[in-house]
1. Just one of the numbered conditions (1) surrounded by 22 or more Cβ atoms within 10 Å (Cβ to Cβ); (2) under 13 Å from the mean Cα position of the chain (by Cα); (3) in a helix (DSSP H, G or I) is not true of Asn115; which one?
2. Could you please find all residues in region 118-127 being closer than 14 Å to Ala140 by Cα and either assigned to a loop (DSSP other than H, G, I, E, B) or charged (D, E, K, R) (or both)?
3. Considering each of Leu100, Leu51, Leu108 in turn, give the residue that is part of a helix (DSSP H, G or I) and either of a type in the set (Ser, Thr, Tyr) or within 23 Å of Asp148 (Cβ to Cβ) (or both).
4. Give the residues of region 131-152 that are without any contact (Cβ under 8 Å) to a residue 60 or more places away in the chain and part of a strand (DSSP E or B), sorted by residue number.
5. Of all residues being of a type in the set (Ser, Thr, Tyr) and within 14 Å of the chain's Cα centre (by Cα) in region 1-57, which is surrounded by the fewest Cβ atoms within 10 Å (Cβ to Cβ)? Just the residue, please.
6. Within region 77-88, identify whether any single residue is farther than 17 Å from Gln14 by Cα, surrounded by fewer than 16 Cβ atoms within 10 Å (Cβ to Cβ) and free of Cβ contacts under 8 Å to residues at least 24 places away in the same chain, and answer yes or no.
7. Among the residues of region 177-186, are any closer than 27 Å to Ser72 by Cβ, assigned to a strand (DSSP E or B) and at pLDDT below 95?
8. Residues Lys144, Lys54: which one is basic (Lys, Arg) and more than 28 Å from Ser7 (Cα to Cα)?
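The values are calculated or read from the model by the stated rules, or taken from the named source; none is laboratory data. Bear in mind that the values here come from a model prediction, so they are computed numbers and not experimental data. FYI the Cβ positions are ideal-geometry reconstructions off the backbone, even for glycines, and counts take in every protein chain you see.
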Amino acid sequence: MVEFLESWLKPGHQGFEWGSGRSTIWFAERIGSLVSVEHNPDWYGQVSAELKRKGLKNVDYHLHQDEDDYCSVADNFSPASFDFCLIDGVARDRCALLALSLVRPGGLLIADNCNWYLPTDSRSPYSRKASEGAYTEDWAVFWKQVEDWRHVWTTNGVFDTALWVKPSGIREGNQLIGQNSTHRGFSLKIKDQYREQI
């Protein structure tokens, strides 16, 4: 997944992540701007210090311990504002639903540890079986919304990460957006076992 993202990301891209850490630094070094939301004050302090140490000033970094405040950072942005959204923090089901409208057509929606929340045949620990369905109703709604999106599901045998590509021509309310997406036609260049054309 990292290999693919390294080749896909552009210096002008704008990203959004719920859950900060190594990804925050990694993205900030490669893209134009990143909105990052964290719930843990200690972790927020560590990541803030690392951003400062590296001189990275392109991260709009938020600390919100309250789950509603944490999720509602998304309300500050118009639909289709970001080239990618990463879900890797608390309230992942709520954040995944919010990310559906935040990501631009042709952009990426990435969910870490997706095997804990979505049905899969993965052998990674704590994976949900197909017979169990999605972990929450919100995850079930998300799963239904992305069922026709091109995607890649990867695993290292312990954790799984999924990446979905938002199709062009998606409706946001009553408006059709994304007819001129600039992200179409790329190829995922991950290990052969995960390669898929999108």
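1. (2)
2. Of everything in region 118-127, those that are closer than 14 Å to Ala140 by Cα and either assigned to a loop (DSSP other than H, G, I, E, B) or charged (D, E, K, R) (or both) turn out to be Leu118, Thr120.
3. Leu100
4. Arg150, His151
5. Out of the qualifying residues, it is Ser23.
6. Checking region 77-88: not a single residue is farther than 17 Å from Gln14 by Cα, surrounded by fewer than 16 Cβ atoms within 10 Å (Cβ to Cβ) and free of Cβ contacts under 8 Å to residues at least 24 places away in the same chain.
7. Yes, region 177-186 contains a residue that is closer than 27 Å to Ser72 by Cβ, assigned to a strand (DSSP E or B) and at pLDDT below 95.
8. Lys144
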